[in-house]
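The structure appears below as structure tokens.
Taken together, the values in this text are just the output of simple stated rules run on the coordinates, not laboratory data. Fair warning: this is a prediction, and the values are worked out from it, not measured in the lab. FYI the Cβ positions are ideal-geometry reconstructions off the backbone, even for glycines, and counts take in every protein chain you see.
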């Protein structure tokens, strides 16, 4: 199962639309995971029209329309892989310990908010992934997103993509 992992798209504030490369990936993915800060309800609907399946949460910049359609925390099982999605996890210091305690029933936690790519594993084996942002890099050198696969209860092929760079 192919996964596209994105967050913090901030449409239309930081970009008018998703980059073409991300749209292409969404069309090819079996599941698109979005860790919040969509900003515009139309961006959720656009992604749902492009993708086979969208698993998303609302972020701190998402208003009532998005909050009515999306949960604060999403939990799904994909090919036996237990996945949780949330927008905010707090400061980087102590993140692994906090997330391991809160999401001990998950294999993978996808989060956003910081716009800083992150890939680590906690002491209990929980994989933490933040794809950065494909539209608002803030102080990062590149706009980013992630792809991965889920099969037989395992996450594989995790790759951070920098937009415009092969």
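Values computed for the structure shown
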{"item": "33, 5 arranged by Cβ crowding within 10 Å, fewest neighbours leading", "result": "33, 5"}
{"item": "Förster radius 22 Å - calculated FRET efficiency between residue 139 and residue 67 (Cβ-Cβ, nearest 0.05)", "result": "0.20"}
{"item": "In Å, descending, principal axis extents of the Cα set of segment 114-166", "result": "33, 23, 13"}
{"item": "Helical mean residue ellipticity (222 nm; -39500 (n - 2.57) per DSSP H run of 4+; nearest 500) of the chain", "result": "-5500 deg cm²/dmol"}
{"item": "Degrees, to the nearest 10: 41-50 long Cα axis against longest axis of the chain", "result": "80"}
{"item": "Calculated FRET value between residue 15 and residue 52, using beta carbons and R₀ = 25 Å, to 0.05", "result": "0.60"}
{"item": "Taking segment 19-166 and dividing mean pair separation by its residue count, relative contact order in percent (alpha carbons under 8 Å, at least six apart)", "result": "17"}
{"item": "Relative contact order (%) - segment 67-148, alpha-carbon pairs under 8 angstrom, separation at least six", "result": "21"}
{"item": "Rg(Cα)/(2.2 N^0.38 Å) for segment 1-76, N = residue count", "result": "0.99"}
{"item": "118, 38 arranged by Cβ crowding within 10 Å, fewest neighbours leading", "result": "118, 38"}
{"item": "Debye log10 I(q)/I(0) at q = 0.23, 0.25, 0.31 Å⁻¹ for segment 79-127, Cα point scatterers", "result": "-0.82, -0.97, -1.43"}
{"item": "Neighbour-count order for 135, 149, 9, fewest beta carbons within 10 angstrom listed first", "result": "149, 135, 9"}
